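Accompanying notes for the structure given below.
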Amino acid sequence: MSRSERLLDLLQLLRRHRLPVSGRRLAEETGVSLRTLYRDIASLQAQGAHIEGEPGLGYVLKPGFLLPPMMFSEEEVEALVLGSRWVAKRGDSRLAIAAADALAKIASVLPPDMRESLDASPLLVGPRAPIAEGIDLALLRKAIRSERKLDISYVDNEGSESRRMVWPFALGFFEQVRVLVAWCELRQDFRHFRTDRISGAQVSDQRYPRRRQALLKNWRAAQHAAPG
């Protein structure tokens, strides 16, 4: 194991503990001597990690620390590249631009050898057929982030149009369609709306009465409980 991988493992171990952990326990779990453990903690602190503590008292990583670029493993870089390329091909136009910008920002701070690995990544995303959208997905994402009710006009399988007031909390990206997941006030239940069948949408000033995370949790429970 390289030193950078060892430091990364130590960081991840500290992340799992909210209370101080003794140096001896950290050394045992990372497979190094206590002396090496103290040197590794000093190295991480020098790189900006907010590790508090001292020998005999234990160590704790304060929340909010971001891994420095040199701490990315090769597989993590490949995952970032593949994910960004997938979003660029499968997301809407604004998400595609955001994915390209995010990858450019990551590349700008990577060490030269990792930047070369990023540029030459062999992991590719295949082309897809164009998807016709009935509505700007950025509007739907805005409603989800702000937890606002959404007034939509929706065309069902039979071609009948209806107005719905929904509580949007998730957006699914599939190979051929995108699906808005929401609580429907009309049906008083969770419903899935294909975005290419949403002919109009307006974000309400009114927040829906439940948190997005709670809706998502209940929806997942309902999906598991549904008959196969």
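Over 26 Å between Cα atoms, which of K62/K142; K62/K89; K149/K217 qualify? Before the final figure, lay out the partial values.
Working: K62/K142 31 Å; K62/K89 37 Å; K149/K217 18 Å.
Pairs exceeding the cut-off: K62/K142; K62/K89.
Of the residues I152, S121, Q213, the one whose Cα sits farthest toward the positive end of the charge dipole of segment 113-228, with +1 on the Cβ of Lys and Arg and -1 on the Cβ of Asp and Glu, is Q213.
Surface exposure of segment 9-123, expressed per residue as accessible area with a 1.4 Å probe, stands at 61 Å². Restricting the trypsin sites (Lys or Arg not before Pro) of segment 110-174 to loop positions (DSSP other than H, G, I, E, B) with no more than 14 neighbouring Cβ atoms within 10 Å leaves R128.
Put simply, the amide H of A170, placed in the peptide plane, has neighbours under 5 Å in V181, leaving out anything fewer than 5 places away on its chain. Using Cα pairs closer than 8 Å and at least 6 residues apart in sequence, work out the relative contact order for the chain, in percent. Across the chain, relative contact order equals 13 percent. A simple rule links phi to the HN-Hα coupling: the Karplus curve 6.51 cos²θ - 1.76 cosθ + 1.60 with θ = phi - 60°, which for segment 147-162 gives 6, 9, 5, 10, 9, 10, 9, 10, 9, 7, 4, 7, x, 8, 9, 9 Hz, with x for Gly and Pro. Sequentially through segment 53-59, phi angles give Karplus couplings (6.51, -1.76, 1.60; θ = phi - 60°) of x, 7, x, x, 10, x, 10 Hz, Gly and Pro residues having no value and appearing as x.
Starting from the Cα coordinates of the chain, work out the convex hull volume and express it per residue in Å³. Per-residue hull volume (Cα only) is 193 Å³.
Measuring nothing but protein heavy atoms, the accessible surface of the chain at 1.4 Å probe radius is 53 percent carbon and sulfur.
Under a 5 Å amide H cut-off, with hydrogens placed 1.01 Å from N, S22 pairs with Y59 among residues at least 5 apart or on other chains. For segment 177-227, the per residue solvent-accessible surface stands at 64 Å², with DNA, RNA and ligands left out and a 1.4 Å probe.
What does the convex hull of the Cα atoms come to per residue for segment 95-228, in Å³?
Details: hull volume 22.9 nm³, N = 134.
Convex hull of Cα atoms, per residue: 171 Å³.
The values are calculated or read from the model by the stated rules, or taken from the named source; none is laboratory data. Just so you know, these numbers come straight off a predicted model, no measurement behind them. For neighbour counting, all protein chains shown are included, and Cβ atoms are generated from backbone atoms with ideal geometry for every residue, glycine included. Each accessible area value is taken on the protein alone, full model and side chains, heavy atoms only, with ligands, DNA and RNA left out. Shrake-Rupley method; radii C 1.70, N 1.55, O 1.52, S 1.80 Å.
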